[in-house]
Amino acid sequence: MVDGGCGVAGFEEAALERVRVARARLQAAHEADDAFEEAQAAEELEDALRVAHDHGVATDAGDSR
């Protein structure tokens, strides 16, 4: 049965996308030398990783945890 993006597979993909976006935001802020944006992006990444891990979603080895 296909879950249409609303079930477990949909949640996992959304969690992974949130981690990818947060990592990209953090990298961009770092490259722009924007300390405020970097701090916000780091918090978002930490939260995204926590949610993923709490729900058993494997993220790559580049985790900051």
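Data for the structure
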| read-out | value |
| --- | --- |
| Phi to ³J(HN,Hα) by Karplus 6.51 cos²θ - 1.76 cosθ + 1.60 over region 17-27, Hz, x for Gly, Pro | 5, 4, 5, 4, 5, 5, 5, 5, 5, 5, 4 |
| Full-extension gain in nm, HIS30 to HIS53, via 0.36 nm per residue minus C-alpha separation | 5.8 nm |
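Each reported figure results from applying straightforward, stated rules to the coordinates on display, with no laboratory input. As the structure is a prediction and not an experimental result, all values here were calculated from the model.
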